[in-house]
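Notes follow once the structure below has been shown.
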Amino acid sequence: MACCSSSSWVLKPRTSAWSPCRRPPSAAGCRRSLIVAASTSKFANENREYVIVGGGNAAGYAARTFVEHGMADGRLCIVSKEAVAPYERPALTKGYLFPLDKKPARLPGFHTCVGSGGDKQNSEWYTEHGIEVLYEDPVVALDIENQTLTTLTGKILKYGSLIISTGCTTIRLPENIGGFLPGVHYIRDVADADSLVSSLVKAKKVVVIGGGYIGMEVAAAAAGWNLDTTVIFPEEHIMPRLFTPSIAQRYEKLYQENGMKFIKGVLVDKLAAGPDGRVASVSLRDGSIIEADTVIVGIGAKPVVSPFEDIGLNKNVGGIQVDSLFRTTVPGIFAIGDVAAFPLKIYNRMARVEHVDHARKSAQHCVKTLLTANTQPYDYLPFFYSRVFEYEGSSRKVWWQFYGDNVGDAIEIGNFDPKVAAFWLNSDDRVKGVFLESGSPEEFAILPTLAKSQPVVDRAKLQSASSVEEALEIVKSSL
Ligand SMILES: Cc1cc2nc3c(=O)[nH]c(=O)nc-3n(C[C@H](O)[C@H](O)[C@H](O)COP(=O)(O)OP(=O)(O)OC[C@H]3O[C@@H](n4cnc5c(N)ncnc54)[C@H](O)[C@@H]3O)c2cc1C
Ligand SMILES: NC(=O)c1ccc[n+]([C@@H]2O[C@H](COP(=O)([O-])OP(=O)(O)OC[C@H]3O[C@@H](n4cnc5c(N)ncnc54)[C@H](O)[C@@H]3O)[C@@H](O)[C@H]2O)c1
Ligand SMILES: O=C1O[C@H]([C@@H](O)CO)C(O)=C1O
């Protein structure tokens, strides 16, 4: 069989609307055409038809979609800053931090796409599918005119189409207040998680700074290690961007029952080192000092836009601006996952979503658009979740999911025994967002339909529901 296109390694024109041949190439055929084209090119061996920058969650799902379309073999290159093949990042603050005697998750156990029931794509999987992966060699420069990328080690990669999936990086406390001391941890990748585990094995007093996702997941993990743990954050309650004060209070009580201490409404002034140079204490703006041998900081993340600023950024939500097909303002260049500022069609606004469901779905949608005649706009329903206290022997596992938009008034039903639900209604009594803790699989499964359909409900009837089951029935019957 002839290769899909004898010109498959001749770079395509930079248009986001080109439609390549869709016949699956034979692996051998494609590799032959690579050798022929490369030897005649000015950029010998440097031409790549499709390049993905970033080897994270979105990249793993994008690679799978290339394979599904028969367009990976000999055509796709992933340039990664990390040393390992793409993995399901959420595991790092969940199974990865289980106590060492409670079977913690380790690679290769959670490479993408196992988090959604797909193949475990380890490094051999990429080799077998003819995908070139450049590890530990971040991209440091982009030349839009010449369609080239430069990596840290000096490789110059000429691309046909480029997908940027550089994700986010952790926001750090400044060095001059002790944010870089030994024993102070941030957690974004598997190397960070390993470093944290090496501190936890000898830790006695842990301070967690930040009351968001990282703070709550890492604090729950520290409880599993039976460590004296204090969580410090500037707001009134945990998870301030999503939880209502009342929902937060229920979770805080559960954490306190597991030995956690909270210091709320205060900012950190300084982290100080002991005689061994490691962090020894955390001073707060109110003058108090808390001893700590291990500090974990989770104060948010920011999109990694460098060195891609010239492509066009979104001023309001940050990140690289794309349209509903993940096309940037430069033809042939796309952005997906945490770094992409995209039109959130359902709410008619631009958004950046720093959660794994969007990373997976944006990757699939973008690659489908690139490889087929797809012109269907991305129509995303925001989905966030967390799971804590999952380790064997924990007295109470916690699993919540949220779909939609947390705008308007929240109506809360249930006693956290273990279920609780919340429904956000706008001024027209339309359901905008739904939250559920410890629901059954069937109950969780109905949530996206409720949030997507946004039914108008009888507010008084919903408020008087005596159980989560009854409340869900009321909303379902309004569809
Ligand atoms: C600890 C943790 C736990 C999380 N848990 C959950 C959860 O439970 N549920 C949920 O919905 N979401 C969770 N998230 C968020 C979720 O992991 C992200 O939304 C998702 O990983 C985004 O995928 P991405 O591919 O856009 O970015 P990432 O997965 O961050 O991948 C980006 C990759 O690009 C690399 N990179 C950056 N710059 C360059 C460069 N110049 N050249 C080459 N490579 C580069 C990075 O090293 C990284 O490997 C969690 C995040 C973290 C950090
Ligand atoms: N289950 C999940 O979806 C999940 C889990 C872990 C991480 N993540 C992702 O990882 C990234 C980082 O998470 P995160 O928890 O760091 O961010 P976050 O935005 O969820 O929480 C940041 C928290 O930091 C605190 N804070 C902010 N500035 C501070 C300061 N100067 N001093 C002290 N506290 C301060 C606030 O309490 C705030 O709630 C995000 O993209 C997040 O979506 C998601
Ligand atoms: O989405 C997820 O993927 C990982 C894990 O399931 C992979 O095995 C995890 O902990 C999630 O929350």
(message) Can you tell me which residue is nearest to Arg89 (Cα to Cα) among those in the stretch 350-395 that are within 15 Å of ligand 2 (Cβ to nearest atom) and among the polar types (S, T, N, Q)?
(response) Ser386
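Condition check ((1) touching an Asp or Glu at 6+ places or on another chain (Cβ under 7 Å); (2) among the charged types (D, E, K, R)) across all residues:
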| position | (1), (2) |
| --- | --- |
| Asn176 | no, no |
| Leu181 | no, no |
| Asp192 | no, yes |
| Ser195 | no, no |
| Lys204 | yes, yes |
| Ala219 | no, no |
(request) Please report, ordered by residue number, the strands (runs of 3 or more DSSP E) entirely within the stretch 344-442 with at least 2 residues that are open to solvent by 20 Å² or more (accessible area, probe 1.4 Å) and at pLDDT 95 or above. (result) 349-351, 383-388, 398-404, 409-413
(request) Please indicate, with yes or no, whether at least one residue in the stretch 350-367 is out of contact with any strand residue (DSSP E or B) (no Cβ under 8 Å at 6 or more places or on another chain), at negative phi and among the hydroxyl-bearing types (Ser, Thr, Tyr). (result) no
(message) Would you confirm, using the coordinates I've provided, whether Phe334 is under 21 Å from the mean Cα position of the chain (by Cα), within 12 Å of ligand 1 (Cβ to nearest atom), aromatic (Phe, Trp, Tyr) and at negative phi?
(response) no
(request) Please determine, by comparing only the residues of the stretch 170-187 that are within 21 Å of Lys81 (Cβ to Cβ) and surrounded by fewer than 17 Cβ atoms within 10 Å (Cβ to Cβ), which one is nearest to ligand 3 (Cβ to nearest atom). (result) Ile171
(request) Look through Thr294, Thr229 and report the one residue that is in contact (Cβ under 8 Å) with a residue 40 or more places away in the chain and closer than 23 Å to Ile171 by Cα. (result) Thr294
(message) Being buried (at least 22 other Cβ atoms within 10 Å of the Cβ) and aromatic (Phe, Trp, Tyr) is the requirement here; does Phe334 meet it?
(response) yes
(message) Looking for something assigned to a helix (DSSP H, G or I) and more than 22 Å from Gly337 (Cα to Cα) - is there at least one such residue anywhere in the stretch 155-172?
(response) no
(message) What pairs come out if I take residues in the stretch 92-119 that are without any contact (Cβ under 8 Å) to a residue 24 or more places away in the chain and pair them with residues that are β-branched (Val, Ile, Thr) and open to solvent by 30 Å² or more (accessible area, probe 1.4 Å) whose C-beta lies under 9 Å away, six or more apart or interchain?
(response) Pro108/Val84
(request) Kindly indicate whether Val468 is under 21 Å from Leu242 (Cβ atoms), open to solvent by less than 50 Å² (accessible area, probe 1.4 Å), touching a strand residue (DSSP E or B) at 6+ places or on another chain (Cβ under 6 Å) and at pLDDT 95 or above. (result) yes
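The values are calculated or read from the model by the stated rules, or taken from the named source; none is laboratory data. Keep in mind that what you see is a predicted model, and the values were worked out from it rather than measured. Ideal geometry is used to build each Cβ from the backbone, glycine not excepted, and the neighbour counts take in all protein chains shown. Each accessible area value is taken on the protein alone, full model and side chains, heavy atoms only, with ligands, DNA and RNA left out. Shrake-Rupley method; radii C 1.70, N 1.55, O 1.52, S 1.80 Å.
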